Amino acid sequence: MDETYKRLLCQEIGKYVLEAIGESSFEKEIESNAICALQKIQEIMLDDEISAGYKVLKIEDILLDYNLQVSPIND
């Protein structure tokens, strides 16, 4: 996967995660969770040994772990 594409995709996922987590009122916990989720997603996105289809499944698992809504709208 092209490096620029990976970084853009990570950025878009990051914006979604920050917006979704931002709906809570616990600012420090939110920030910590957002950073952890983004780090895990970035590791997956930058791992060239994981196939694109499997990356999607792993990212969905992370979003579910952090109680972020996974729906076709967010695909």
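Read-outs: derived from the displayed coordinates by stated rules, not from any lab. It should be emphasised that the depicted structure is a prediction, and the values quoted were computed from it without experimental measurement.
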- line: Which residues qualify? For ILE50, with a placed amide H closer than 5 Å and at least 5 residues away or on another chain, they are none
- prompt: Contour minus end-to-end for CYS10 and LYS58, with contour as 0.36 nm per residue of separation and end-to-end as the Cα-Cα distance?
  reply: 15.9 nm
